[in-house]
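So the structure is just underneath, and the comments pick up after that.
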Amino acid sequence: MLRVLIAFLTVTILFCSCENEPYDPVDSLPASTGEIGELVVVVEKAYWTSPLMLEINERFGKEVTSLPQPEPLMTIKKVTNKGFSGNMMNHHSVLIIEIGGLSEGAEAFFGKPQANVWSKGQLVYKLKAPDVQSATELMKAHGDKLFEYFQDHYQNKIKAEIAANVDASINEELELTMNVNMDVPNSFTLVSNYNDLIWLKQQREKNVDGKDHEIQLGILTYTYPYTDSLAFTTEKILAKRDSMTKKYVPGMIEGSYMVTERQYGLESSETNANGYYIIETRGVWKMHKAIMGGPFLSLTIYDHKNNRVVCLEGYVFAPHFKKMPYIRELEAILYSFSFPE
């Protein structure tokens, strides 16, 4: 009798607790799957070689040249409606294309974005069109915007993962030394604090064909006084970068150090983020006197409130793997910056 009473009270307490918490159907969904940078395109096989897919490949799969070897901006995974099942339905980024089935005279259109349809953390867009020609024209007109939506979705997923694992001690080091805040995951460690440069590093290993291969992500932070707008020219940015890496980022071989590869891969663009003017530089780094290299992403920021230039840089060493997923991780970390008042 006592056992029955205890069981009854336990069920009653659990039931009451559930009543006090609003039910969220998203909680019952599985977590979304897939590598960051992947996009599942659901479209019938008859259109896989159509002008529509050529346009999608041009918008989403074009090559990134600021890498040691070209890689696509996004990896497109085509699947038919019949094949869109199981784990494929749980992918984090899905574009569904439906050709035909519209009333006469109807125009092609994108449906509203749908979140968490079959899995948590999922974004789904639908393109509906009466024919492949109108679908292609719609993609030509709005494909860049659609690309941005999925790109933002990737970044938001990465930022959420980072925010859940931020290292308070690293942020404190950055704030005290550089007057910079940044969401750095606790998988990073402090290599050195030279007062005028902080070097953070993350070491990983990934097994391929029975062998463990090293993956290294690094973050460099340094600042200097702003004197004139020449600080934001590509030549000045690279000259300052190379002087700092030569001084503070040595290689494994004596006399080796990190330097910018000037012969290929350099890209520079202006942007604004978090209320600040930024020059974003992408390219390839290498080791002077040593065989080692990879891509880097550098933000040169005008901190107008403190009349200084702040440089935040991330680099990747992953010789056996694609580099874009790691660059995206670093991009999310670097763009989380803020400057304490």
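A short reminder: the numbers here are calculations on the coordinates, not readings from a lab. Source: prediction; values computed, not measured. Reconstructed Cβ throughout: ideal geometry from the backbone, glycine too, with neighbour counts over all protein chains shown.
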Long-range amide H partners of Ile96, meaning residues 5 or more apart or on another chain whose placed amide H is closer than 5 Å, are Val42, Tyr125, Lys126, Leu127
Taking a ≥ b ≥ c as the square roots of the eigenvalues of the Cα gyration tensor, with a/c under 1.5 meaning rounded and otherwise prolate when a/b exceeds b/c and oblate if not, the stretch 82-154 is oblate
Compute the Cα gyration tensor for the stretch 285-341, then decide on rounded, prolate or oblate, letting a ≥ b ≥ c be the square roots of its eigenvalues: rounded whenever a/c is under 1.5, prolate when a/b is larger than b/c in the other cases, and oblate in all that remain.
-> oblate
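Normalising by the residue count of the stretch 227-286, find the relative contact order in percent from Cα pairs under 8 Å and 6+ residues apart. Don't skip to the end; give the middle numbers.
Numbers: 65 pairs, mean separation 16.0, N = 60.
Once divided by the residue count of the stretch 227-286, the mean separation gives 27 percent.
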By how many nm would the segment from His320 to Leu176 lengthen if fully extended, with 0.36 nm per residue of separation less the alpha-carbon distance?
-> 48.2 nm
Return the sequence-ordered ³J(HN,Hα) values of the stretch 82-97 in whole Hz as given by the Karplus equation 6.51 cos²θ - 1.76 cosθ + 1.60 applied to θ = phi - 60°, using x for Gly and Pro.
-> 5, x, 7, 8, x, 4, 4, 6, 8, 4, 6, 9, 9, 10, 9, 10
Report, ordered by chain and residue number, the lysines lying within cross-link reach of Lys247, taken as a straight Cα distance under 20 Å and ignoring same-chain residues fewer than 8 apart.
-> Lys201, Lys236, Lys286, Lys289
Pick from Pro30, Pro325, Pro72: which is most flexible by mean-square fluctuation in a GNM of the chain where alpha carbon atoms under 10 Å apart are linked?
-> Pro30
On Cα atoms only, tilt of 234-248 relative to the major axis of the chain in degrees | 70
GNM of the chain, Cα pairs under 10 angstrom: of Thr245, Thr271, Thr75, the biggest fluctuation goes to Thr271
Computed over the chain: longest principal axis from alpha-carbon atoms vs helix 51-60 long axis, angle to nearest 10 degrees, is 40
Under a GNM of the chain (C-alpha, springs under 10 Å), which listed residue has the highest mean-square fluctuation: Lys240, Lys211, Lys289?
-> Lys211
Could you calculate the FRET efficiency of Val26 with Ala141 from 1/(1 + (r/R0)^6), where r is the beta carbon distance between them and R0 is 25 Å, rounded to 0.05?
-> 0.15
Please state the charge dipole magnitude for the stretch 211-330, taken about the Cα centre, from unit charges on C-beta atoms (+1 on K and R, -1 on D and E), reported in debye and rounded to the nearest 20.
-> 140
Give me the lysines in straight-line cross-link reach of Lys145: C-alpha distance below 27 Å, same-chain residues under 8 apart excluded.
-> Lys45, Lys62, Lys77, Lys78, Lys112, Lys120, Lys126, Lys128, Lys157, Lys159, Lys322, Lys323
Summed residue charge, Cβ within 12 Å of Ala108's Cβ, Lys/Arg positive, Asp/Glu negative = -1
Does the chain classify as rounded, prolate or oblate by the C-alpha gyration tensor (a ≥ b ≥ c root eigenvalues; a/c under 1.5 gives rounded; else a/b over b/c gives prolate, otherwise oblate)?
-> oblate
Please determine, in degrees from 0 to 90 and to the nearest 10, the orientation of helix 168-178 with respect to the longest principal axis defined by the Cα atoms of the chain, where the helix direction is its Cα long axis.
-> 40
The relative contact order of the stretch 189-293, taking Cα pairs under 8 Å that sit 6 or more residues apart, comes to a percentage of 17
Given only helices, namely DSSP H runs of n ≥ 4 each adding -39500 (n - 2.57), what is the per-residue ellipticity at 222 nm of the chain, to the nearest 500 deg cm²/dmol?
-> -9500 deg cm²/dmol
Residues in the stretch 156-188, backbone N under 12 Å from the label point at Lys305 (7 Å along the Cα-to-beta-carbon vector): list them, ranges by number please.
-> 179-181
Projected label distance in nm at Glu341 and Ser243, using a 7 Å step from Cα toward the beta-carbon = 3.4
Report the extension gain between Gln203 and Val191 in nm, rounded to one decimal, defined as 0.36 nm multiplied by the number of residues separating them, less their alpha carbon distance.
-> 3.2 nm
Label-point gap, in nm, between Asp212 and Met292 - each point 7 angstrom along Cα→Cβ | 1.8
